[in-house]
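Trainee: My structure is below; once you've seen it, I'll send some questions.
Laboratory data are not the source of any read-out in this text; all were calculated from the coordinates shown. Worth saying up front: this structure is predicted, and the values here are computed from it rather than measured. Here the Cβ is made from the backbone with ideal geometry for all residues, glycine too, and neighbour counts use every protein chain on show.
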Amino acid sequence: MPLEAVMIIADNSESSRNGDYQPTRFDAQADSINILFDSITQGNPESSVGLMSMGGKGPEVLSTLTTERGKLLDGLHRTKKKISGTSHLATGIQIASLALKHRQNKSQRQRIIVFVCSDVTDDEKKLVSLAKKMKKSTIDIDFVLFGDLDDDEVHKKLEAFNNVVKGNDNSHLVVIPPSGKLLSDQLIASPIMLGANAGAGAGAGGEGMEGGGGGGDFGGFDFDPSADPELALALRMSMEEENARQARQAQSEQESSNKTNLEGIQEEGENQPLLNDQGEPSGSGSSKKDSKKDDDTMDTS
């Protein structure tokens, strides 16, 4: 996986108490966030993950970018006690972008993953304007829309945002309706975690999971990733490790080739013997003669 700095935004609004995902929508998010952390940090040990919430009285940063799982778990535990109010999507994304701006490793790709399970009060025009700013700042935005919402208004707003911000297929909108499967299992089979290896879902306006997902090329294994999410994730990580190994091998061979070419170039005087015919160091004779001439000249004068 690429080197990333990822801010995850959890929805701790009043709607997250709903039990259409067992045991609640919030707990389903917590489980998924744990899986995301594993995928990101195991894919690249130098990647970092931060966490914030967007419900209650307003967005709150629960953990700055870190490689320690315990900080995220502590943040989830604290915010579970603050489930209330409505979500503040636009403000949450803006704060997350500021957190990414202050990342220590500037070579990390910026990414925000937002869980949404409640109504979005921000109007579409405001969200589209924000999407343009995120695209200009080269920040990838992934949305996980889940839960049984009353209407399609939220879906339309997120779709409008995604249509503006997505570039090179690095930003995704994944719609996961309630089902008998765990939210985390369905997320594993989504483009957010599988990237280019994910099958193209059949959701309208997003990469929906309700149709069971698509096939996808897993190194010759053509199968539905939603049928066995754990196997799909294992295959993807195995393929990435093999690609990384091949890249290291190619680089090593290139360095060896360059070294061989340099060894064939002889430096000036490399073949000159250490001692001359008089048993003196090579190259010292001329300097001695020049020195003797200088002495004779000084005596004559």
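Trainee: What FRET efficiency comes out for residue 17 versus residue 179 if R0 is 25 angstrom and r is the Cβ-Cβ distance? Round to the nearest 0.05.
Mentor: The calculated FRET efficiency here is 0.80.
Trainee: Next question. Round to a whole angstrom and tell me the spacing of the C-alpha centers of the range 91-121 and the range 11-39.
Mentor: 18
Trainee: Please sort 73-85, 103-115, 24-36 by packing, taking for each peptide the average over its residues of neighbouring beta carbons within 10 angstrom, highest first.
Mentor: Final packing ranking: 24-36, 103-115, 73-85.
Trainee: Around residue 74, under 14 Å between beta carbons, what's the net of Lys plus Arg minus Asp minus Glu among the other residues?
Mentor: Taking every Cβ under 14 Å from that of residue 74, the sum is +4.
Trainee: According to a simple spin-label model (label point 7 Å from Cα along Cα-to-Cβ), what is the distance in nm between residue 152 and residue 124?
Mentor: 1.1
Trainee: Count the net charge of all other residues whose Cβ sits under 13 Å from the Cβ of residue 126, scoring Lys and Arg as +1 and Asp and Glu as -1. Spell out each step's value before the answer.
Mentor: Working: positive: 125, 132, 133, 157; negative: 122, 123, 124.
Residues close to residue 126 contribute a combined charge of +1.
Trainee: Taking 0.36 nm per intervening residue step and subtracting the Cα-Cα distance, what contour gain separates residue 77 from residue 250 on full extension? The partial results should precede the final answer.
Mentor: Numbers: separation 173, 0.36 × 173 = 62.28 nm, distance 4.56 nm.
Going from the current span to full extension adds 57.7 nm.
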